[in-house]
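For reference, the structure is listed below as structure tokens.
The values are calculated or read from the model by the stated rules, or taken from the named source; none is laboratory data. Quantities reported herein were computed from a predicted structural model and do not represent experimental measurements. Here Cβ is always computed from backbone atoms with ideal geometry, including for glycine, and neighbour counts include all displayed protein chains. Calculation scope for accessible area: heavy atoms of the full protein, side chains included, ligands and nucleic acids excluded. Shrake-Rupley method; radii C 1.70, N 1.55, O 1.52, S 1.80 Å.
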Amino acid sequence: MCMTWNERFADTPRVLKSEHCQHTVVPILDFEIGGSEFVTMAGPCSVETELQLMATAHHVRSSGARILRGGAFKPRSSPYAFQGHGLQGLKMLARARSETGLAIVTEVMCEDDVPLVADYADILQIGARNMENYALLEAAARSGRPILLKRGMVATIADWLRSAELLLDCGNPHVILCERGIRTFETATRNTFDVAAIALLNQISHLPVIADPSHAAGHADLVPALARIAVAAGADGLIVEVHPDPAKAWSDGEQSLNHAEFDDLMASLDPYLSLRRRALREMEWMRHMASDVETMEAVG
Ligand code: PEP
Ligand code: MN
């Protein structure tokens, strides 16, 4: 006999949809993630300079992004690569936030830094390399800030959901999942974008799911297509790397879009977002019909 999804993920009951919880909506400043709005987070891989960050922040805001991304503490594949500006980077993010009104998502890499990063960030990002760092997860959850939980590079969906379960179990309901590609035998792309994970989570979990086409693709020219696929698969939003001059980026330049490319990406999402709105309206209508039928049956 086939297992149901709920049986298969029975050890992570808090992340699964239930009668009481069909959708988690995470409030951020004056908007929400996981509601009807499709939310785009955009910005550089790393916070480099005031000029770079402010130019990008103003630009992505004018193109419709709601959240500015940018790493102040950077987990890098090489120990010799730029590791981020730390506190100075957080201060630059705070300035960008006050100048543009964008919310800030930035990575926290260790438990001890949680209080500091939580002072500056609207959303704490847990990076792929730390998805199973339970001490960090607990500290991040207890900060009370919403958490963007990236999928580990070699994490199965079950592993990823166990980390989300821990965050929920620590009493933080504001968990956002982020599919950023997984490591497979394919090397042409940086990672393999697991769209099935987005579709599955949309079906079985009440948590919002964000797609990161930048780290999934590793190449700027593939990012727009993966972003459109993410909308079609049911993602609640995107996190995209954008840089004023990707060739000069201090990290992840190959996968970063320049400002004009980001505008093109946003424009190319429009037809997909219209279909998404239509699907949401239809689902809402079905829910109303179902509750009307229930009421009629109860009345007799
Ligand atoms: C990043 O967002 O720049 C990053 C390091 O992402 P990941 O943890 O998904 O590799
Ligand atoms: Mn990056």
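Relative to the longest principal axis of the Cα atoms of the chain, the long axis of helix 157-169 lies at roughly 90 degrees. A simple charge model with +1 on the Cβ of Lys and Arg, -1 on the Cβ of Asp and Glu and nothing else charged puts the dipole of the stretch 160-199 at about 160 debye relative to its Cα centre.
Quote to one decimal, in nm, the extra length available between Cys110 and Ser36 on full extension: 0.36 nm per residue of separation minus the C-alpha distance between them.
Additional length available on full extension: 23.3 nm.
Sorting Asp252, Asp212 by solvent-accessible area of protein heavy atoms yields Asp252, Asp212, largest first, with a 1.4 Å probe.
I'd like the projected area of the stretch 99-156, averaged over all directions, using the convex hull of its alpha carbons. Report it in nm² with one decimal.
That works out to 4.2 nm², a quarter of the Cα hull's surface.
Cβ-Cβ distance of Ser18 and Gln88, R₀ of 51 Å, FRET efficiency by 1/(1 + (r/R0)^6): the value works out to about 0.70.
Among the chymotrypsin sites (Phe, Trp or Tyr not before Pro) within the stretch 81-141, not one is in coil by DSSP while having at most 13 neighbouring Cβ atoms inside 10 Å. What spacing in nm lies between the two simple spin-label points modelled at Arg281 and Ala135, each 7 Å away from Cα in the Cβ direction? In this crude spin-label approximation the distance works out to 5.3 nm. Given +1 at the Cβ of Lys and Arg, -1 at the Cβ of Asp and Glu and no other charges, the dipole of the stretch 1-111 around its Cα centre is 240 debye to the nearest 20.
Rounded, prolate or oblate: pick one for the chain, where a ≥ b ≥ c are the square roots of the eigenvalues of its C-alpha gyration tensor, a/c under 1.5 means rounded, and failing that, prolate if a/b is larger than b/c, else oblate. Prolate, because a/c is 1.5 or more and a/b exceeds b/c.
Legend: calculated FRET efficiency, Lys248 to Ala81, from the Cβ-Cβ distance at R0 = 25 Å, rounded to 0.05, equals 0.95. Ranking Leu29, Ala232, Ser268 by how far each Cα lies toward the positive end of the dipole of the chain (charges on Cβ) leaves Ser268 at the top. Would you mind getting me the FRET efficiency between Leu273 and Trp5? Use the beta-carbon distance for r and R0 = 41 Å, nearest 0.05. Given R0 = 41 Å and the Cβ-Cβ separation, E is 0.90. Over the chain, dividing the summed -39,500 (n - 2.57) contributions of all DSSP H runs of at least 4 residues by the number of residues returns a 222 nm mean residue ellipticity of -13500 deg cm²/dmol. How large is Rg/Rh for the stretch 94-213, to two decimals, with Cα atoms and a Kirkwood Rh? Rounded to two decimals, Rg over Rh is 0.98.
At 1.4 Å probe radius, can you tell me the per residue accessible area of the stretch 86-155 in Å²?
37 Å²
Taking every alpha-carbon pair in the stretch 147-300 and binning the separations at 5 Å intervals from zero gives 2, 9, 15, 18, 17, 14, 11, 7, 3, 2, 2, 1, 0, 0 percent.
Throw me the Rg/Rh for the stretch 145-199, computed over C-alpha atoms with Kirkwood Rh, two decimals. Ratio value, two decimals: 1.03.
Test of understanding: what is the full-extension gain from Met54 to Ala188, defined as 0.36 nm times their sequence separation minus their Cα-Cα distance? Write out the running numbers ahead of the final one.
Details: separation 134, 0.36 × 134 = 48.24 nm, distance 3.28 nm.
Using 0.36 nm per residue and subtracting the Cα-Cα distance, I get 45.0 nm.
Of the residues Trp5, Trp285, Trp160, the one with the largest accessible area comes first in the ranking Trp285, Trp5, Trp160, computed with a 1.4 Å probe on protein heavy atoms.
Looking at the chain only, what percent of DSSP beta bridges run antiparallel? Nearest 5 please. That works out to approximately 15 percent antiparallel. Listed by chain and number, the lysines whose alpha-carbon sits under 16 Å from that of Lys74, ignoring those within fewer than 8 places in the same chain, are Lys91, Lys150. Put Ser77, Ser291 in order of accessible area, highest first, and with a 1.4 Å probe you get Ser77, Ser291.
Its relative contact order, with pairs defined as Cα atoms under 8 Å and 6+ residues apart, puts the chain at 18 percent. Assuming charge only on the beta carbon of Lys and Arg (+1) and of Asp and Glu (-1), the dipole of the chain about its Cα centre is about 280 debye to the nearest 20. For the stretch 18-174, the square roots of the Cα gyration tensor eigenvalues, ordered a ≥ b ≥ c, give a/c of at least 1.5 with a/b no greater than b/c, which places it in the oblate category.
Residue separation of Ala196 and Ala158 scaled by 0.36 nm, minus their Cα-Cα distance, works out to 12.3 nm of gained length. Only beta bridges with both residues in the stretch 18-154 are counted; by DSSP, about 20 percent of them are antiparallel.
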